[in-house]
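Participant: Could you have a look at this structure, given as structure tokens, before my questions?
The values are calculated or read from the model by the stated rules, or taken from the named source; none is laboratory data. Note that this is a predicted model, so its numbers are computed, not measured. Ideal geometry is used to build each Cβ from the backbone, glycine not excepted, and the neighbour counts take in all protein chains shown. Remember, those area values only see protein heavy atoms, side chains included, never the ligands or the DNA or RNA. Shrake-Rupley method; radii C 1.70, N 1.55, O 1.52, S 1.80 Å.
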Amino acid sequence: MTAPNNCQLPLSNTENRLIDLLTAHAGELLPKPQLLHALYSGEDTSDFHRVEVVLNRLRQKARQLGLMLPIRAVFGKGLVFAARCSRAKP
């Protein structure tokens, strides 16, 4: 992924899916069960902590490049991509 400052941010498949999902629904609260299902469909899991682990890894990678991600965690609810974004066309 290319960050707004043109730095390359290497993402795992799961991190990339999380960013894609959040940016596709920018400004909307995405509940943890929905995120968990989208990231780990087919796996029998109800461990919402897995979403938080992916988000923490993503934030760490961004911080190493001096970036702050506009992802807001709403305690007990889910995640919001709290910035306007325009998605690049494939």
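Participant: Select from the stretch 6-35 the residues that are under 15 Å from V54 (Cα atoms) and either in contact with a Phe, Trp or Tyr (Cβ under 6 Å, 6 or more places away or on another chain) or of a type in the set (F, W, Y) (or both) and list them in ascending order.
Facilitator: L22, K32 - these are the residues of the stretch 6-35 that are under 15 Å from V54 (Cα atoms) and either in contact with a Phe, Trp or Tyr (Cβ under 6 Å, 6 or more places away or on another chain) or of a type in the set (F, W, Y) (or both).
Participant: Among all residue pairs at least 6 apart or on different chains, which show Cβ distances below 7 Å where the first residue, located in the stretch 30-42, is on the phi < 0 side of the Ramachandran plot and the second is open to solvent by 10 Å² or more (accessible area, probe 1.4 Å) and of a type in the set (V, I, T)?
Facilitator: Pairs found: L36/T45; L39/T14.
Participant: Which number in (1) modelled with pLDDT under 90; (2) out of contact with any strand residue (DSSP E or B) (no Cβ under 9 Å at 6 or more places or on another chain) marks the one condition that L9 misses?
Facilitator: All conditions pass for L9, except number (2).
Participant: Follow-up question, since we're still on this one. Here's a check for you: in the stretch 70-87, which residue that is open to solvent by less than 40 Å² (accessible area, probe 1.4 Å) and in contact with a Lys or Arg (Cβ under 6 Å, 6 or more places away or on another chain) is farthest from A26 (Cα to Cα)?
Facilitator: Restricting to residues being open to solvent by less than 40 Å² (accessible area, probe 1.4 Å) and in contact with a Lys or Arg (Cβ under 6 Å, 6 or more places away or on another chain), the top hit is G78.
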